[in-house]
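Following: one structure in structure tokens, then a few remarks.
A short reminder: the numbers here are calculations on the coordinates, not readings from a lab. Not measured: the values here are computed from a predicted model. Glycine gets a Cβ as well: all are built from the backbone with ideal geometry, and neighbour counts include every protein chain shown.
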Amino acid sequence: MALALSSCKVSKQATTRYQSMTQRAQVTLQLDEHQYSMSCSMRTWHNELIVLSLQPMLGIEMVRIEADQDSIWIFDKMNRRYAAMDYASINRIVQPKVSYQILQDFCDQPIVPKKKETIQQVFASGKHQLTLTCTYSHREYNTLQTPTRTNSNKYKLVDLRTILPL
């Protein structure tokens, strides 16, 4: 089953160079007729690691996504399971191709200070469509220490398709 990805254009010249970045956003996920809204925090260490933390209620992290130069890890904290795939495996499912650089460029899109900025991504797979809308409200640069990874030993490894509807 192939997954199509539609994304907005990234302006390279507007990208800020940084060592680390923290962002907060309100995220709306729409999967077919179901819609979910949640808070999201994103921590990025330039050219090293991107960590997304999704908190659907009361600031409790339910899903964590970690992307590095080689792979993407998705942790379903509620069900204590995770999926990990390298980009070559992901690109057999997702079109156009995904890489760490593409993800980092998406995270680097410029936002106007003190103004909420909205970015939207649409994913389609057969009869399913997932729309991701991020409204960014806050961004700070160079405030993070050394990146730490989630300890995967606490979770059961599963196929990505058991976590995401691909």
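Here the extension length gained between residue 30 and residue 135 equals 36.4 nm, from 0.36 nm per residue of separation less the Cα-Cα distance. Along segment 24-29 the Karplus relation, 6.51 cos²θ - 1.76 cosθ + 1.60 evaluated at θ = phi - 60°, assigns HN-Hα couplings of 10, 8, 9, 10, 10, 10 Hz to successive residues, with x for each Gly and Pro.
Working note: Karplus 6.51/-1.76/1.60 with θ = phi - 60° gives segment 147-158 the couplings x, 10, 8, 5, 6, 5, 5, 7, 10, 8, 6, 10 Hz, where Gly and Pro are set to x.
Applying the Karplus relation 6.51 cos²θ - 1.76 cosθ + 1.60 with θ = phi - 60° to segment 43-60 yields 3J(HN,Hα) values of 10, 10, 10, 3, 6, 10, 7, 10, 10, 10, 10, 9, 10, x, 8, 6, x, 8 Hz, where x marks Gly and Pro. So, R0 is 41 Å and r is the distance between the beta-carbons of residue 61 and residue 91; what FRET efficiency does that work out to, to 0.05? My answer for the efficiency is 0.90. Within straight-line reach of residue 97, meaning a Cα separation under 19 Å, sit the following aspartates and glutamates at least 8 residues removed in sequence or on another chain: 66, 68, 70, 86, 105, 108.
The slack in the chain from residue 47 to residue 18, taken as 0.36 nm per residue of separation less the alpha-carbon distance, amounts to 9.5 nm. Take the Cβ atoms of residue 118 and residue 150, set R0 to 30 Å, and the FRET efficiency comes out at 0.60.
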